[in-house]
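Comments concern the structure below.
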């Protein structure tokens, strides 16, 4: 006997009937608005080449660390799931991997992955029975069949998902070839890049040397001199702007910033590239570079995104066998009040600069981030991130930031995903949770219904478009 | 077309109908109890002189950093809002400033400022249309007209608001002239002072030298000797007691306390007044002074209030141009467990001493403050403070402290405001949220209805009166 | 006039009627499942000797630091409550102590103690009037009478409570005599021990020297040599396994672990037993011993429990007069991400090892613990602990851990109590809160009803049985 799969139209709305009715009305007005995805990790090559995906395991399981980390945490072997390791893709039959996943799908009860998967299965693939051991093959075969059809090519799905704007993330060592091919193709989808320079800033990253070499090749600058290095950033930022970027992104371990004199910065850089640095030097250099990037953002109009607080590759054994991005990044306690001060001492009163702050440490929402964003003109709050990009996480974000920062110092939703097929699901969860939160305010007479309707539009569309400057070609032109 | 302004009688109550009905019943019994305001920052001069306020901008906008920081965060210029800077009050037409505020009033959606403003507009001024761009002038003119009438003088409003007790906050360098004039006037309103000695304790405050000079003048003591300095505190504490004070207040950066020997304390003081101190000395001196103040509180019966954890004047640019109290104070992570131990090692088992603890770091509610207050006889929990003095903030406070500290180790509500007209609004929000919280406990059968009714009275009146010893003339007499 | 005492059948369920109905249905299916209590502090001697308890004060008041700390916090004298001090049991009439408690029972409004007490009074003793001053004697006399009857002997209550498994906690310096007597008695109740070696690991504990002496006597090992010390642990672990233990427990101040070489560990141990250690050495030794215990757990199959983060004996005055466990332990901020890394670097990928993590610092639920348990195969999350073992605390635990760790990386409920009579009450609270949480997920269409029913069973029974390996005699046999 199979179980039905059906997405209840009231899912994620508050359970109180009167509040639910308000949420339903708010949601009806914004449910079908186009998707704006200003921050994520899809592969630009998909849209450049528009090649079909192969199978369910390669598309839905192997790249999604939300899913395989949960299976791994319960003792499931990664090889049996066909997860690539440093040794390559294991010789596991992808169908067997999918079956193993299907047998364990109960592990996802209560998690956002469950919500996203159900949405993908029902809405994207049209399943009406739930995934479980007995339907694993049905799923596997149906998905393979659909993926082979033109309607499931990347660009077709992009259109079907009503995506208006999709940002990917690349580093200065990337030639942006896929983005150039997209533009050259004449396809109308707006897929843009984001400038994420961590690879040439974080000397503790194992690929730093290689990234610097490539940085030099792509810019023709002497990237081992401080002035050449800064000039190379400027060149690549201009390249990224030309490829549609409106934003930069910075994923440092901490939110530390620094405000060194030009002389001090140059001396520090010499240690970094000279190889004589300590971990404290590496941290100080990352800190200083945030301030340098802020200076360049004032020049070229790119919005900065700060994503600090992840202890990367925490599982030493797994890192040795499987490398990065295997679900072993763990959030850390993160300070912003002291960390951001050097940068803010320099640029804090600017109304040109815009920095969007993210956190993995929810204890800072009400204590630090909302007060900072509720004061500084250059600071805004990114939505709940990563582990907190979930119904409860989104509710906590709104409950702990709105009273101090208001709605207008936030920037709408980020899906932040590699899982392209889940993008509509993720935006739908965010829209439902936001409408539920607004409905609660209306039900408690803290907000009028017409205000809530206006805010639902803003949270879905207006705030994100303005925060990421996606309708400002003139801002883009600044870089030229 | 204007929008109506009307305060729903059920506002802020839980949305579930049965729970709401319980909340409504509880609230009806305590809604009209007199206001006890044991901690705040109104100007005693208002009640001494009973002069009319001039206009909406000067009364409601310019002094309220909750409001102008939000406008500033969205790029609104402070000069255009008529906010005073170090250069003085800008030459902005106050009506234009008010219009600018009215155009941006949507920024306050979802914030407590919105709730307080609506209450002031509807209940104090009688507006039945909402503030927006099109009603800015109507508001401005009506407010100006009302403020000119006798019914809107400070004392008349004090009576109309049914304020039973109102504490202001002054430093040892204040001659308490306004308080003396209030007493000499024969007016019956109970407006008292609070002893806040930070100005002569915090050597890192830019006004320390000036405050010490004044401290010496007012006491006739050699405040640069350790014994003279302590004697001067005793004299001024007695003066404050005579002006009605029942409490002291301490707004240090951290909650650190120290328990130095008399000899060590004297040596430290010599460094402080000798100008050879380090930041660590300044911190240790503040820490030691909390313990000294506790010793004096045991002598004279004054309740201590600790308000640590604010990073003052975080925005360096704004501090340079506009000075203190411009909405740029940001909460910091704050430890209490280790910080309070030295003081508690000395006085922790006292049943004479009473210290009310506040925090801006909600992560300590359940972890540190509730366990401390739920154990030590000398510790009580102040209500949710500043950024957390809001519907969600108050709910979190109750949810995270009640199970460990109970209700009886809390002290009722503080409005903590400079915004005199908002005092009834703030107390009303607190009463509604408390009744909602109690109603939830009743609805979940965790509390009987008659117990909730008793607690609603206690949270509104009994606890605050006892915690601040406001009905204990004998305690006051101790100082004599 | 007395007040009725009656336990509402819907207590602790969500107030929304539809959600409540779902919770009620879920609860009905699991309400009567046997109790599995894998972690607690009852006295094995009770079950060995099956002697009657004497009176209400000695049974319910004096050993329960949740209760007397609250009374103490409100200025009630501990002697008047008949709480033992270092000087012995005070000469207080236990009836007078009980009356004093009854007069102050309002202090427990809103606390879990109130819920547990009401359950004990109504369900265990059959009272239908509430405890208050006027019923104090009725309570005292009725309880004394019942305790004298065979039905209220420890083993009779154990059976009546339907306890399937009860773990106590003993140290390596304990001869397990009570456990041996239980086994020798032929009584069928499954009461087992837990290996808690803190007494011979924490050199800062005032009893360390005495514990080590006893450790040597009981094992015949030279416990002052590193190899002898480790061998002694192995022997005692085997003894504990033979007395039914399936788990160890570690109550260190922090979660710090270390991964020293054998040589470094031996040198550190020499400092510890040589008496030349610093506090840093003591901390490093505790850290290293967690890793050593993990190694032994892989050998013998015992599950590890980590209970870090309590600042023990915070009240110096009370510690001097009354000693340990007097309600003066205060939670501290606790890091896990960095603290656990050395141990995880060594054993993190093991699927043999199982470590159950607890915390008193709720800010780590979503930030650290759920991500760690949602990744590492050897880590699971213990339930909300101590101060957080309460309706709101349990809700926060589920809300902040489920989305990242899922349900299956949690281990059911621990009552963790010395208060034997409250065990059914505590498990009932947990079952109700879990059913309410599941009902909320169903009401919001995040979970199907049949899944919630399955999970209710798992949270009550399946997860705890598997996590503590209580149905694995073969795992127990490993130690032989």
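The values are calculated or read from the model by the stated rules, or taken from the named source; none is laboratory data. Because the structure is a prediction, the values reported are computed rather than measured. A quick note on method: Cβ atoms are made from the backbone with ideal geometry, for glycine too, and the neighbour counts reach across all protein chains shown.
Consider residue C:97 carefully, then state whether it is over 28 Å from residue C:170 (Cβ atoms) and crowded, with 20+ Cβ neighbours inside 10 Å. Spelling it out, residue C:97 is indeed over 28 Å from residue C:170 (Cβ atoms) and crowded, with 20+ Cβ neighbours inside 10 Å. Among the residues of the range B:335-353, those identified as assigned to a loop (DSSP other than H, G, I, E, B), surrounded by 19 or more Cβ atoms within 10 Å (Cβ to Cβ) and within 10 Å of chain C (Cβ to nearest Cβ) are B:336, B:337, B:340, B:348. How about the range A:372-395: which of its residues are more than 13 Å from the chain's Cα centre (by Cα) and within 8 Å of another protein chain (Cβ to nearest Cβ)? Within the range A:372-395, A:372, A:373, A:374, A:375, A:376, A:377, A:379, A:390, A:391, A:392, A:393 meet the criteria. The residue that is farthest from the chain's Cα centre (by Cα), among those in the range A:292-334 that are surrounded by fewer than 17 Cβ atoms within 10 Å (Cβ to Cβ) and assigned to a loop (DSSP other than H, G, I, E, B), is A:323. Determine if the range B:106-123 includes at least one residue that is under 25 Å from the mean Cα position of the chain (by Cα), outside any helix (DSSP H, G or I), closer than 27 Å to residue B:189 by Cα and within 14 Å of another protein chain (Cβ to nearest Cβ). No: zero hits. Do we have residue B:184 as more than 23 Å from the chain's Cα centre (by Cα), under 25 Å from residue B:42 (Cβ atoms), surrounded by fewer than 20 Cβ atoms within 10 Å (Cβ to Cβ) and not assigned by the TED database to the domain that holds residue B:99 here? Yes, satisfied. Could you say whether any residue in the range C:66-86 is more than 10 Å from chain B (Cβ to nearest Cβ), touching a residue at least 12 places away in the same chain (Cβ under 8 Å) and more than 27 Å from residue B:380 (Cβ to Cβ)? There is at least one residue in the range C:66-86 that is more than 10 Å from chain B (Cβ to nearest Cβ), touching a residue at least 12 places away in the same chain (Cβ under 8 Å) and more than 27 Å from residue B:380 (Cβ to Cβ). Evaluated against (1) at the interface with another protein chain (Cβ under 9 Å from one of its Cβ atoms); (2) touching a residue at least 60 places away in the same chain (Cβ under 8 Å); (3) under 26 Å from residue B:38 (Cβ atoms), residue B:321 falls short on exactly one condition, (3). Each residue in the range C:8-34 was checked for being in contact with a helix residue (DSSP H, G or I) (Cβ under 8 Å, 6 or more places away or on another chain) and within 8 Å of chain B (Cβ to nearest Cβ), and 8 pass. If you go through the range B:443-459 and keep only what is under 19 Å from residue C:392 (Cβ atoms), assigned to a helix (DSSP H, G or I) and within 9 Å of another protein chain (Cβ to nearest Cβ), you end up with B:443, B:451, B:452, B:455. In a residue-by-residue description of the range B:26-39, the property of being within 30 Å of residue B:187 (Cβ to Cβ), touching a strand residue (DSSP E or B) at 6+ places or on another chain (Cβ under 9 Å), loosely packed, with under 15 Cβ neighbours inside 10 Å and outside the structural domain of residue B:183 (by the TED database) applies to at least one position. You will find that of C:171, C:188, C:199, the residue that is in contact with a helix residue (DSSP H, G or I) (Cβ under 6 Å, 6 or more places away or on another chain), under 21 Å from residue C:37 (Cα atoms) and without any contact (Cβ under 8 Å) to a residue 60 or more places away in the chain is C:171 and no other. Considering the conditions (1) more than 14 Å from chain C (Cβ to nearest Cβ); (2) in contact (Cβ under 8 Å) with a residue 12 or more places away in the chain, residue A:141 is excluded by exactly one of them, (2).
Looking across the range A:327-340, the residues that are in contact with a helix residue (DSSP H, G or I) (Cβ under 6 Å, 6 or more places away or on another chain) and under 18 Å from residue C:367 (Cα atoms) come down to A:327, A:328, A:330, A:331, A:336. Quick one: is residue B:55 under 26 Å from residue B:159 (Cβ atoms), in contact (Cβ under 8 Å) with a residue 24 or more places away in the chain, outside the structural domain of residue B:358 (by the TED database) and out of contact with any helix residue (DSSP H, G or I) (no Cβ under 9 Å at 6 or more places or on another chain)? Considered against the rule, which asks whether it is under 26 Å from residue B:159 (Cβ atoms), in contact (Cβ under 8 Å) with a residue 24 or more places away in the chain, outside the structural domain of residue B:358 (by the TED database) and out of contact with any helix residue (DSSP H, G or I) (no Cβ under 9 Å at 6 or more places or on another chain), residue B:55 comes out as no. Can you spot a residue in the range A:260-272 that is modelled with pLDDT of 95 or more, within 22 Å of residue A:338 (Cα to Cα), outside any helix (DSSP H, G or I) and touching a helix residue (DSSP H, G or I) at 6+ places or on another chain (Cβ under 8 Å)? Among the residues of the range A:260-272, at least one is modelled with pLDDT of 95 or more, within 22 Å of residue A:338 (Cα to Cα), outside any helix (DSSP H, G or I) and touching a helix residue (DSSP H, G or I) at 6+ places or on another chain (Cβ under 8 Å), which makes the answer yes. Mind checking whether some residue in the range C:281-290 is more than 23 Å from residue B:339 (Cα to Cα), within 20 Å of the chain's Cα centre (by Cα) and either assigned by the TED database to the domain that holds residue C:411 or surrounded by fewer than 19 Cβ atoms within 10 Å (Cβ to Cβ) (or both)? Yes, the range C:281-290 contains at least one residue that is more than 23 Å from residue B:339 (Cα to Cα), within 20 Å of the chain's Cα centre (by Cα) and either assigned by the TED database to the domain that holds residue C:411 or surrounded by fewer than 19 Cβ atoms within 10 Å (Cβ to Cβ) (or both).
Taken over the range A:202-215, the criterion of being part of a loop (DSSP other than H, G, I, E, B) and either at pLDDT below 95 or out of contact with any helix residue (DSSP H, G or I) (no Cβ under 9 Å at 6 or more places or on another chain) (or both) is satisfied by A:205, A:206, A:207. Does any residue of the range C:227-239 turn out to be within 29 Å of residue C:313 (Cβ to Cβ), in the same structural domain as residue C:189 (by the TED database) and part of a loop (DSSP other than H, G, I, E, B)? Scanning the range C:227-239, I find no residue that is within 29 Å of residue C:313 (Cβ to Cβ), in the same structural domain as residue C:189 (by the TED database) and part of a loop (DSSP other than H, G, I, E, B), so the answer is no. Restrict the check to the range A:396-409 and report whether at least one residue is touching a strand residue (DSSP E or B) at 6+ places or on another chain (Cβ under 9 Å), more than 10 Å from chain B (Cβ to nearest Cβ) and assigned to a loop (DSSP other than H, G, I, E, B). Taking every residue of the range A:396-409 in turn, none turns out to be touching a strand residue (DSSP E or B) at 6+ places or on another chain (Cβ under 9 Å), more than 10 Å from chain B (Cβ to nearest Cβ) and assigned to a loop (DSSP other than H, G, I, E, B). Going through the range B:184-201 one residue at a time, which ones are in a loop (DSSP other than H, G, I, E, B) and more than 21 Å from residue B:163 (Cβ to Cβ)? Across the range B:184-201, the qualifying residue is only B:197. Screening C:395, C:418 for residues that are out of contact with any helix residue (DSSP H, G or I) (no Cβ under 7 Å at 6 or more places or on another chain) and touching a residue at least 40 places away in the same chain (Cβ under 8 Å) leaves exactly one candidate, C:418. Out of B:415, B:428, one residue alone is more than 9 Å from every other protein chain (Cβ to nearest Cβ), part of a helix (DSSP H, G or I) and within 30 Å of residue B:147 (Cα to Cα). It is B:428.
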